[in-house]
Each structure stands twice: as structure tokens, then as C-alpha cells.
1. If you take the residues in the range 57-115 that are among the acidic types (Asp, Glu) and free of Cβ contacts under 8 Å to residues at least 24 places away in the same chain, which one is surrounded by the fewest Cβ atoms within 10 Å (Cβ to Cβ)?
2. When Asn76 is evaluated against the numbered criteria (1) in contact with a helix residue (DSSP H, G or I) (Cβ under 7 Å, 6 or more places away or on another chain); (2) under 15 Å from Phe103 (Cβ atoms), which criterion, by number, is the only one it fails?
3. Could you run through the range 1-57 and say how many residues are aromatic (Phe, Trp, Tyr) and under 19 Å from Asn73 (Cα atoms)?
4. Against the definition (of a type in the set (Ser, Thr, Tyr) and under 30 Å from Ser115 (Cβ atoms)), how does Ser21 come out, yes or no?
5. Can you tell me how many residues within the range 78-115 are farther than 20 Å from Val5 by Cα and not β-branched (Val, Ile, Thr)?
6. Just checking, which of Leu11, Leu47, Leu20 is buried (at least 21 other Cβ atoms within 10 Å of the Cβ) and among the aliphatic types (A, V, I, L, M)?
7. Collect the residues in the range 23-44 that are under 17 Å from Asp89 (Cβ atoms), open to solvent by 50 Å² or more (accessible area, probe 1.4 Å) and in contact (Cβ under 8 Å) with a residue 40 or more places away in the chain, keeping them in residue-number order.
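The values are calculated or read from the model by the stated rules, or taken from the named source; none is laboratory data. The shown structure was predicted, so the numbers you read here are calculated from the model rather than taken from an experiment. Virtual Cβ from ideal backbone geometry, glycine too; neighbours counted across all protein chains shown. Note: accessible area is taken over every heavy atom of the protein model, side chains too, but ligands, DNA and RNA are not part of it. Shrake-Rupley method; radii C 1.70, N 1.55, O 1.52, S 1.80 Å.
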Amino acid sequence: QVQLVESGGNLVQAGGSLRLSCAASGSISSITSMGWYRQTPGKQRELVATIINGGSTTYADSVKGRFTISRDNAKNTVSLQMNSLKPEDTAVYYCNAKTRLNFWWGQGTQVTVSS
């Protein structure tokens with residue numbers, strides 16, 4: 001099993017920045033990739049960014065150039081630096097870890113961007 005704990009969500013004005021962090025514990029060696037997803041009421045959870053063990057990253061088109069995902073393997077953490085935030089970035093952000101057989105989720109952290 002993998003346990004994930006997010007932190008860093010907050011209320012911020014449009015144009016501002018936030019940094020989300022996710023600490024992983026448990027079967028760390030089984031993780032093949034980690035990422036961030038987000039969800040708003042009534043909508044499906046959507047991919048924001050992922051990073052695989054080799055370091056390659058992917059981003060949703062809506063956040064390219066504004067968000068940066070990074071991973072610290074020594075600390076077993078994955079972070080999401082969010083710059084130039086927009087009101088449409090408002091959502092609950094979830095940390096995700098994939099192993100060969102399972103997906104694991106954190107409890108979510110709220111990000112609210114005011115206009």
C-alpha cells in the first residue's frame with residue numbers, strides 16, 4: 001500500500017502562486033509514477049501533471065507554462081508549483097501514485113483562486 005498526504009492548498013488571488021506538496025509513505029519502491037489531478041463539483045477528476053520515475057513529465061494543456069511538477073526521491077515527495085493562477089484553476093487537488101497494479105490517492109487539498 002501507498003499512503004499520500006497533500007499540503008499547501010489555500011486561497012490566492014488571480015495571478016498569484018501556490019506550491020502543493022505530497023508526501024508518500026508505505027510501498028515507495030513500487031511506485032512507477034506520481035502526479036496531480038484536480039476536481040470541481042459535478043465534474044470528473046482531470047489530470048494536471050504527472051512525472052514518471054525516469055523524470056519525464058506531462059501536463060494538461062490548460063496548465064502548460066504555468067505549472068511545474070517535481071519529485072524529490074530522497075524525501076519521497078512530489079510537488080506542484082503553480083504560477084499565474086487563474087480562477088478556473090479553483091479545485092480540489094489530489095496527489096496520485098501509480099504502481100504496477102494500483103492507483104493510490106491522497107485526501108485532496110483545496111485551491112481557491114479569487115478574481
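1. Top of the filtered list is Asp61.
2. (2)
3. 1
4. In short, yes.
5. Number satisfying all stated conditions: 11.
6. The conditions single out Leu20.
7. Selection gives Gln39 alone.
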